[in-house]
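Accompanying notes for the structure given below.
Just so you know, all these numbers are worked out from the coordinates, no wet-lab data involved. Fair warning: this is a prediction, and the values are worked out from it, not measured in the lab. Note that we place each Cβ from the backbone using ideal geometry, even for glycine, and neighbour counts take in every protein chain shown.
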Amino acid sequence: MKTSRGAAILAIITAALLILPLVVHDTFVLRVLTEGIMWIGLAIAFDVIAGYTGYLNFGHGAFFGIGAYTIGILMMQAHLPFWVALPLGGLAAALTALIAGIPTLRLKGAYFAIATWALSRAIQQLALNVEFTGGPDGMRLEAFLNPLFFYYLMLITVGVIFLILWYLLERAPFGLKLKAIREDEEGAKALGLNPTMLKMQSFILSAIPTGILGGIYAYWITFIDPSSTLGDLVSDQAVVMVVFGGMGTLFGPALGAILIFAFKTIFWAYLSDFQLLYLIILGALIAISVIFIPNGLWGTLVKRKAVARPQQKPEPASEPAALSAVAVPEEGN
Amino acid sequence: MMELLPQALTDGILLGGIYITIAIAFSLTYGVMHVIDFAVGEWIMFGAFTGYYLNKWTGLDPFIFLPVIFVIYFAVGYLVQPVIHRVLSGTKGNPFLMGLVFTFGLAIMFRGLALTAFGFYSNSIPSAFSEGSFNLDSIGLTVTIPTVRLMGLAYAVAITLILHYLLKKTNFGLGVRALAQHKDAAGLMGVNAKRTGSYVYGIYVGISAMTGVLLGCILSIGAQMGNEYTIFAFFVVVLAGMGYLAGVPWAALLLGLVQSIFMIYFNPSHTLLAVFVILYIILLISPRGLFGKGV
């Protein structure tokens, strides 16, 4: 896609989203759109560490929940105004990423994937068992019922997140450095990069927007409990959106988020008695995407040429690439 | 409270013994495929439910079904592994990431299937051994050992010995160890990575499922039990040092002790937090495991 044409399409979509509430007054439609936009933000934030850096964070939902709970606790117990609490939600998520990243980001991706997942389960347990979160009963926030406000807040927040990430990952050298780590960590080290530091930066960069979106979500929905914000569904959906849409791009996860969220909305509307079926479909969709479209929808349909690249080695110790060296296509990007 | 300590330690050791079986099989699979299987807890859960229903339908003791369950799940694992192998040897995208994502997807799907089929209730599998227990009062200890836990330990020792024999004394085991050391060199020496991988994965799924039945007899079963055991398997493997099999028994015993001490002295629902804190400290101080011999 040519940059100018892509920019034009994006500008049209943004303009349409900006004027939409003036045309559509249905609160249900606004509500669905607000949540859909939120999921786009969550998916692209997840992709920073998973797609660009190649480290899968299966506990992405933990940052969302931490953001939501931070805002909830600061607003209801410390009586801080929303605008003061919101950045602190992002900060809390960043701190969590820092603490979780120190021991795990030095290690191989497998450790990181399962450690982040275990962390999200542990945080959910913590939220269920301590006093100040309200335990399993959850927490009710002061209601500020203005769908239009939250629509625009979500739209502007996700727009800003998208622009910042687009600049950092697609225009600034930072994105190239992350991709270098994903492709060959040893090679990146040999070029003088500090992989641990870069991985930490990308992990925090992925955590901050997620925490902030969690905060907005809490204030918008006005009720949070451990299963809705810290449950595994948030993480699972982020994984499915990014894998299905296309890892390592910004548009892929956005596309995945739109499709999966649309599917979820329709599914919830007509088949709400079969919520478990949704879980099965999510899992099956991940498995099927991995087998048939490993580059995701975006990578397969739109960037077909750009993604052909040599086979990766899974571990420094073993190099399957050597076995199929004949079949490896020329270096392309 | 102190008089409960011998009981806590005994329970912990007996429970930890069972975790050894899962952790060794899990560790072997990681060694051969270089991918962590997120579905480990789900295999345990499926095994447990198969045992539960077989027991319900036939009325026979679950211990009798163990070989049957092994055979069923060996076949399942043997058939599933080629798909994982295909993902791992793919040329598009990043196969290693895709492998992780794939097993993660499997785990979600399995959990959904189990919740649909079995509901949210938890149950336990009745066994003839669940009734009896040994009392150690005669030698001056106030410790009760339930027969079922003792049988669990006997099972764990048997499985560990069989796996040890397989790995160290047979050609198959030599192939497995060679694959774990260097996949390509092993391939050049005539080890069929694909078939060996299928066998190892089958053995691992079979053992996990059998262990699930035992855990169902000793603790309880539920469609959501998988999560916890996936974390436990990971805990043991990290503490032992990824790929260092000799460390697995000690790490598994430690896990059993942590769990039983939390059950007796603290809130059992904090076990997961304790496990995570220990995991965090180990990864921070010695990422290559308690013995520093992991990969």
Which of these, B:Phe235, B:Phe65, B:Phe134, has the largest mean-square fluctuation under a Gaussian network model of chain B (Cα springs below 10 Å)? B:Phe134
Quick check: the angle from helix B:40-58's long axis to the longest principal axis of chain B, C-alpha only, nearest 10 degrees? 60
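Kindly give the semi-axes, whole Å and largest first, of the ellipsoid equivalent to region A:95-200, taking each as the square root of 5 times a Cα gyration tensor eigenvalue. Please report the intermediate quantities before stating the final value.
Working: eigenvalues 231, 119, 15 Å².
Whole-Å semi-axes of the equivalent ellipsoid: 34, 24, 9.
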Pair A:Ala190, A:Leu176: separation of 7 Å Cα→Cβ label points (nm): 1.8
Electrostatic dipole magnitude of chain B [Cβ: Lys, Arg +1; Asp, Glu -1; Cα centre; debye, to 20]: 1080
Cα axis of helix B:193-218 to longest principal axis of chain B: angle in degrees, 0 to 90, nearest 10? 10
For region B:223-292: relative contact order, % (alpha-carbon pairs under 8 angstrom, 6 or more apart): 40
Within 10 Å of each Cβ of A:284-293, how many other protein chain Cβ atoms are there on average? 6
Beyond 27 Å, what percent of the Cα pairs of region B:158-291 remain? 31
With the Cα gyration tensor of region A:79-142 in hand, convert its eigenvalues to equivalent ellipsoid semi-axes via √(5λ) and list them largest first in whole Å. 27, 17, 7
Rounded, prolate or oblate for region A:1-137? Axes are the square roots of the Cα gyration tensor eigenvalues, ordered a ≥ b ≥ c, and the cut-off for rounded is a/c under 1.5. oblate
Give the whole-number value, in cubic angstrom per residue, of the convex hull volume spanned by the C-alpha atoms of chain A. 145
Between region B:6-70 and region A:1-69, what's the alpha-carbon centroid distance in Å? 42
Could I have the simple spin-label model distance between B:Arg195 and A:Thr222, label points 7 Å from Cα toward Cβ, reported in nm to one decimal? 6.7
To the nearest 10 degrees, how steep is helix A:195-221 against the longest Cα principal axis of chain A, on a 0 to 90 scale? 30
At what distance in angstrom do the alpha carbon centres of region A:75-136 and region B:174-196 lie from each other? 42
Determine the relative contact order of chain A: mean sequence separation of Cα pairs under 8 Å and six or more apart, normalised by residue count, in whole percent. 27
Computed lengthening from B:His182 to B:Ile281, 0.36 nm per intervening residue step minus Cα-Cα distance: 32.6 nm
